[in-house]
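All remarks here apply to the structure that follows.
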Amino acid sequence: DTSRALRDQYGTDAAEMILFINLVAEEIEKWATVEHPDRDIKLVIFAYHKTELAPARFDQELNKYVPIDESMKLRSNVAVLYAPIFANHYHGYTHSSNINYAETMRKWSALTDNLYLWSYGTYFPYYLVPYDNFNSLQDKYQFALENNTTYIFDQGQFNQQIGTDWFRLKQYLLAKLQWDAYQDMNVLIDNFFTHYFKDAAGSMKAYFDHYRTWYAHIADVYNVTGYVSGTNMLNPNYWPQGVLNEWMSFIEQAYEDIAYLELQDPLLYRQLRDRITLESISIRFLLIEFYSVFYSASDYRNMIISLKNDTTRLGVVNYSEFRLLDDYFNTKLSS
C-alpha cells in the first residue's frame, strides 16, 4: 500500500527508490566519515524500466525542471545511472523520436549532481546483424555533457573480446568522444580507416559508406528504429542478396589491396587480413541465413564451415547476448 501510494503521488516507482537510497546513503556517509575518511563513496541507483521516470516537474517561473518536492533531491553521495533502453539509438537524443528520453534525462539532471548514462550500441538478439548507431554517437555524447553527465557506459557486445559490425571502429569513436565530444566525426572516421586498414583503407571506407547509405534507406523505408532488442532485424527485406554481394565485393577488393604484403611483410598482411575478415562476418552470416537456395549443398556447407573457422580464430564467440556461436553452427551443420 505504501509503494502504491508513493507511485500515485509522484508518478513513478523511482520515488520510493530515492527515499530509500537517501536513507541508506546518509548512514553510509556517517560510517565512512569514521571508518574510511580517505574514501569518496557514491551509491548508484538505476533509472531503468520501472524506475526510469524521474519525479521532477517543470517550473515555468524558473524555466527549468525541479524536484517535485525536496525529498526527491538525491544526496551528494548518490548517483543515478540512466539507461534509456527503449530509445531510438539510430538517432541522438535531440531527434524528435527521442524527445521523451531527452526530457527524462533533463529531469534526472535536476535531481542529482551525479548523473551517469548507460547507453546502447549493438543489436542484442543477433550480434552478427548490422546495427548502425553512428548517427547517434556525437549527438548523444554532446547532449549528455550539456546535461551535466559525468560518466557514460556505452554497452556493445560486452561479453566477447572482439565483436562484429565495426566493433573496433565503435570502440575507437567512443573513446575519442568521451575525451572530447566536439571533435569532427568525419576526421575521426577517416583517421581510423587510414591507420587501421592501411592499404585497404579505400576499399573498406567505400564499404562503410555504402553500409551507412543502405542503413539510412531501410531506416526510412521500413522504419528501422534503432531499438536494441525489440524490432526483428533478421529480416530478408532489409538485406537483399544484391546488396550483400556488393558489400562482399568491397571485402574482396580489400584483400587484393593488401595481397602484395603477403611476401613483403607477412605479419602485417595477416593482421590486416584478419581485420578485413572481421568485417566480412556479418555479410556472410546474412547470406547463409537468407540465400541458401542459391548455393549447392556442398558450397553452402563450406560457407558455414568457413565462417565458423574465421569466427573461432578471430575470437568472435557469441551469436547474441545469451547464445553462443558454437550452438548456432552446430545446429546449421547438423541440419
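The values are calculated or read from the model by the stated rules, or taken from the named source; none is laboratory data. This structure is a prediction, so every number in the text was calculated from the model and none was measured. Reconstructed Cβ throughout: ideal geometry from the backbone, glycine too, with neighbour counts over all protein chains shown. Ligands, DNA and RNA are stripped out before the accessible areas are found, and what is left, the full protein with its side chains, is counted by its heavy atoms. Shrake-Rupley method; radii C 1.70, N 1.55, O 1.52, S 1.80 Å.
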Just to be sure I understand the filter: pairs with C-beta atoms under 9 Å, separated by 6 or more residues or on different chains, first member in the stretch 292-319 and assigned to a helix (DSSP H, G or I), second member among the acidic types (Asp, Glu). Which pairs pass? Lys308/Asp326; Asp310/Asp274; Thr312/Asp326; Arg313/Asp274; Leu314/Asp274
Residue, nearest to Leu137 (Cα to Cα), within the stretch 168-201, restricted to residues that are assigned to a helix (DSSP H, G or I) and either of a type in the set (D, E, K, R) or touching a Ser or Thr at 6+ places or on another chain (Cβ under 8 Å) (or both): Lys170
Which condition breaks for Asn159 when tested against (1) more than 26 Å from Asp310 (Cα to Cα); (2) surrounded by fewer than 21 Cβ atoms within 10 Å (Cβ to Cβ); (3) not acidic (Asp, Glu)? (1)
Any residue that is touching a residue at least 40 places away in the same chain (Cβ under 8 Å), closer than 20 Å to Leu174 by Cα and in contact with a strand residue (DSSP E or B) (Cβ under 6 Å, 6 or more places away or on another chain) - is there at least one of those in the stretch 128-137? no
So Asp139 fits all but one of (1) touching a helix residue (DSSP H, G or I) at 6+ places or on another chain (Cβ under 8 Å); (2) open to solvent by less than 60 Å² (accessible area, probe 1.4 Å); (3) over 15 Å from Tyr82 (Cα atoms); what number is the exception? (1)
Residue satisfying all of: in the stretch 83-96; open to solvent by 70 Å² or more (accessible area, probe 1.4 Å) and in a loop (DSSP other than H, G, I, E, B); farthest from Arg106 (Cα to Cα) among these: Phe86
Only one of Leu333, Leu278 is in contact (Cβ under 8 Å) with a residue 24 or more places away in the chain and buried (at least 16 other Cβ atoms within 10 Å of the Cβ); which? Leu278
Odd one out for Lys30 among (1) assigned to a helix (DSSP H, G or I); (2) closer than 26 Å to Trp118 by Cα: (2)
When residues of the stretch 49-69 are filtered for being closer than 25 Å to Leu117 by Cβ, outside any strand (DSSP E or B) and open to solvent by 70 Å² or more (accessible area, probe 1.4 Å), how many remain? 5
I want to confirm something. Restricting to the stretch 166-188 and keeping residues that are free of Cβ contacts under 8 Å to residues at least 40 places away in the same chain and aliphatic (A, V, I, L, M), which single residue is nearest to Asp257 (Cα to Cα)? Leu169
Evaluate the stretch 106-118: report whether one residue or more is surrounded by fewer than 18 Cβ atoms within 10 Å (Cβ to Cβ), of a type in the set (Phe, Trp, Tyr) and either assigned to a loop (DSSP other than H, G, I, E, B) or in contact (Cβ under 8 Å) with a residue 24 or more places away in the chain (or both). yes
Of (1) in a helix (DSSP H, G or I); (2) at pLDDT below 95, Asn159 fails just (1)
Just to verify a result, which residue in the stretch 206-264, among those that are part of a loop (DSSP other than H, G, I, E, B) and among the aliphatic types (A, V, I, L, M), is most open to solvent (accessible area, probe 1.4 Å)? Ala259
The conditions are (1) assigned to a loop (DSSP other than H, G, I, E, B); (2) touching a Ser or Thr at 6+ places or on another chain (Cβ under 6 Å); (3) open to solvent by less than 60 Å² (accessible area, probe 1.4 Å), and Val80 fails exactly one of them. Which is it? (1)
